[in-house]
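Have a look at the structure below, then the notes.
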Amino acid sequence: MSFLIQSGFLQSGPVQHALIVGGIAAVVAAVVGVPTLIRGQAFASDALAHVSTAGGALAPLIGVNALTGFVLMALAAGGMLEAVPVRDRAERDLLTGIVLGAGLGLAALFLSLGVTLPGASGATVGVLFGSVFLLGADDLVPALTAGGLALVLLMAFLRPILLAALDPDLARVSGVRLRLTGAVHLACLTLAVGLAAMTVGAILSTALIVTPAATAIALTARPGQSLLVAAGLGLAGTWGGLLIAYDSYVWTNGHAWPASFCIVTALCVLHFGLTGGLSLLRHLRGGKVRR
Amino acid sequence: MIAGIFTSSWIAGSIVAAMAGVVGFFVVLRGASFAAHALPLCAFPALAAAHLFGLDPLGTALAFALAGAATISAIGQGTRRDIASAIWLVLMLALGELFLSRMHSYARAVYGLLFGQLLGVTPADLHLIAGVGILAALLILLTFRPLLLSTLAPELAVAAGVPPRLVEFLFLALLALASSAALPAVGALLCFSLMVGPASAARHLFDRPTAALAASVALSLLTVWGALLLSSATGWPASLFVGAGGLALYLAPRARSFRSLVRA
Amino acid sequence: MRDLPEAPPLAVEDLTISHRGRPILDGVSFALNRGELCGLIGANGSGKTTLLRAILGLARPDGGQIRFGGGRRGRIGYLPQKVHVDAYMPLRARDVVALGLDGHRIGLPLPSAQRQARVAAALDAVSAEGFADQRVGTLSGGQQQRVFIAHALVRAPDVLLLDEPLASLDPSIAAEIAALLRRISQQMGIAVLLSAHEVNTLVPVMDKVIYLANRHAVAGPVAEVIRSDVLSRLYGHHIDVLNVHGRILVVTAPDAGAGTAHVTLLP
């Protein structure tokens, strides 16, 4: 046990902050991830995440906190994706790619401008890959507010969002206002991107959104259940990853592995382990492997 | 000295642009934007690992590129591929982060590999870019007709004896290869931007496939040259102008059709 | 011609195919002669596409034989079910036909007079010269179908296979395309096999019909196949063939014994 949880893990202030912010981020991102994947928007969520890099890099230049920067830039990109009408999936992917490219260009600019600021060394890496153990007590309030807001919005609009994701025509017939639902979904997605970016960095924040949701969708067919499973998996991966990152400081004699690497790897191991185990189980039972 | 750096970045940029124009033409027509975004990221951990462990950069990049192309093409089309691409992409980024975190100039290396240093291309980079970039573009041109046929309709390709899955794998492998070459110049993230922007505009300009392909290359070259000029004039990163150029090229034909829509 | 019997361009003998242990076709036999147009009729899921794929060499038969007049497969033109082409695709009708000629070849297409002449001839055969230089994605459904028929024709095949070429077309356009196929098969001496789930559009043009149901097939002239006794034997229960205002209706009353008045229209 003492090998698994190195001493002082739960007593350390930075670790507590990381666990709280990471936990909120994991739950919000995983829950938003399920309807996002059902709508086939894995690419869009990835694009918002990467574009939010520009926001994270801009934040110190204009003196706002990083979360605000992440969310605002993701919101701008998401708004653009919604505003330009496209005909089909390939066109939507193309537009997503174009917006992504433009956003990353901005990110390159803000990051290069930021490097010239005094005391900003390491800011690049912090924005891109996160610096979860450097979060302070003053990061908790914005994170809790954003997380709470996203969860309240999601719970209020959960059924229309899921219905619109599963079958837009059916949703329209049942009186769901698709534009409003889409806007709420987008708002929750950007909040999730921002929170995830605080934890694992802007460039990797997709991992918290896509991976647990993909695992949950593969494991269970019921949407309600998959939300719970996704949240559980997200929490397990994030906290497990934080623990490994903390422990790795001791294992590697002070040359710790990056926390975001540990979290992403933990989430992916959960994904491949569970989905692989499931298909193996189905195979052994002689049933048809789901395609 | 400054003139020397400027020349090698100018040559590197032109080769990357021409190659991205050729590859991007099929990326856009095949609707492979997400794969085209995910695959270049294979080169990110590959080059980081090569740097860290003293491996041959080209060989490592090739191995990662082939693994990525095999993974994504094995999954087929649609939502399942999107999810697989997303998971593959974060894994590659996280792996690259791990490798780079073992190195000294961490931040600099991260920035360079992700966003590129078009103005900082060294003569050594140039050999890699020229060799691999020209090879990838030539292979795409050689397989032009089978690629076009399987893009039009996979079933037509099957009936003509062209296996679409093989074509798909070949295409993704070439895409990954091409982006490994472009990486030092425009970075893992923006290599993609250069592929889709010019090609998306080019397909509106000409009805003939070969003419549209040529236009894609030409627009891509103009984008890079413009970006290099603006970058050396402002001191801002060339990646910014490449991304903005892609957006402008995508929106320009749409603005025209929007106007005609309003007039109608 | 008749005194000198040549091998039919396509002969299928006792073909049996199953998919994952489920039988799809069982003992299907027919032959197609040069210049003949043959309709492959059956409901959705009756195995029409599987039969066409087997002829193309894309589905592996469990038993039976598929023979070609030229001895080898390869002189087959094929038009798959509904090909969707985006209007953004920079591809003219002419380019689609050219891809039928040498789409499998390596290397960039070099301009050649012979190539252009063959493409123009194929476009001419389907009366598509008028829109040969327009983007395929901007053409109407009927025009696109003509272009894809030209794509299949350009290599001068002995056999032309078409999978549901008339589905999703207006009835008048469908009749036009059917007449076009009739003309092509007669003038060029090609054996044409096209699948359809509705028989009436094809009745005026086809020489022969292959009716698929219950994994089995009956082949022969329309008047000899679409009859109550033949189809009843094929389906294994009583089938009525009605002639209403010159249109054929194939009807079954599945629970006739149980006294229900439920009537199902068959293809």
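The values are calculated or read from the model by the stated rules, or taken from the named source; none is laboratory data. It should be emphasised that the depicted structure is a prediction, and the values quoted were computed from it without experimental measurement. So basically every Cβ, Gly included, is an ideal-geometry build from the backbone, and we count neighbours across all protein chains shown. The protein model used for the area step is the full one, side chains on, heavy atoms only, and it has no ligands, DNA or RNA in it. Shrake-Rupley method; radii C 1.70, N 1.55, O 1.52, S 1.80 Å.
A few remarks follow.
- Meets criteria (more than 21 Å from residue A:238 (Cβ to Cβ), more than 9 Å from every other protein chain (Cβ to nearest Cβ), open to solvent by less than 10 Å² (accessible area, probe 1.4 Å) and of a type outside the set (Gly, Ala, Ser)) for residue A:51: yes
- Pairs with Cβ under 7 Å, 6+ apart, first in the range B:92-113 and acidic (Asp, Glu), second modelled with pLDDT of 80 or more and open to solvent by 10 Å² or more (accessible area, probe 1.4 Å): B:97/A:258; B:97/A:261
- Yes/no for residue B:146 being within 12 Å of another protein chain (Cβ to nearest Cβ), farther than 25 Å from residue B:240 by Cα and crowded, with 21+ Cβ neighbours inside 10 Å: yes
- Residue match in the range A:271-283 (condition: more than 19 Å from residue A:188 (Cα to Cα), within 10 Å of chain B (Cβ to nearest Cβ) and of a type outside the set (S, T, N, Q)): yes
- When the helices (runs of 4 or more DSSP H) confined to the range B:19-134 are screened for residues that are within 8 Å of chain A (Cβ to nearest Cβ), those reaching at least 3 such residues are found at B:33-38, B:79-101, B:106-115.
- Breaking point among (1) in a helix (DSSP H, G or I); (2) of a type outside the set (Lys, Arg); (3) surrounded by fewer than 24 Cβ atoms within 10 Å (Cβ to Cβ), for residue B:191: (3)
- All positions within the range B:194-210 that are surrounded by fewer than 24 Cβ atoms within 10 Å (Cβ to Cβ), part of a helix (DSSP H, G or I) and out of contact with any Leu (no Cβ under 8 Å at 6 or more places or on another chain): B:204, B:205
- Taken residue by residue, the range A:83-97 has at least one member that is of a type in the set (Asp, Glu) and over 20 Å from the mean Cα position of the chain (by Cα).
- Near pairs, Cβ below 7 angstrom, 6+ apart or cross-chain, from the range A:47-76 (without any contact (Cβ under 8 Å) to a residue 12 or more places away in the chain) to any residue that is surrounded by 24 or more Cβ atoms within 10 Å (Cβ to Cβ) and part of a helix (DSSP H, G or I): A:59/A:66; A:59/A:69
- Hey, residue A:90 at pLDDT below 85 and away from every other protein chain (no Cβ under 11 Å) or not: no
- Note on the range C:132-156: residues that are assigned to a helix (DSSP H, G or I) and either open to solvent by 40 Å² or more (accessible area, probe 1.4 Å) or of a type in the set (A, V, I, L, M, F, W, C) (or both) amount to 9.
- Among the candidates B:180, B:231, residue that is crowded, with 24+ Cβ neighbours inside 10 Å, among the polar types (S, T, N, Q) and in a helix (DSSP H, G or I): B:180
- Residues being part of a loop (DSSP other than H, G, I, E, B), surrounded by fewer than 16 Cβ atoms within 10 Å (Cβ to Cβ) and more than 14 Å from every other protein chain (Cβ to nearest Cβ) - total across the range C:100-131: 1
- Matching residues in the range C:78-94 - criterion: being over 9 Å from residue C:136 (Cα atoms), open to solvent by 10 Å² or more (accessible area, probe 1.4 Å) and in contact (Cβ under 8 Å) with a residue 40 or more places away in the chain: C:78, C:81, C:82, C:83, C:88
- Cβ-Cβ under 7 Å pairs, at least 6 apart or on other chains, the range A:253-272 side assigned to a helix (DSSP H, G or I), far side charged (D, E, K, R): A:260/B:97; A:261/B:97
- Residue match in the range C:173-189 (condition: closer than 15 Å to residue C:37 by Cβ and not in a helix (DSSP H, G or I)): yes
- In the range A:251-261, the residues that are facing chain B (nearest Cβ under 9 Å) and either surrounded by fewer than 24 Cβ atoms within 10 Å (Cβ to Cβ) or more than 15 Å from the chain's Cα centre (by Cα) (or both): A:255, A:256, A:257, A:258
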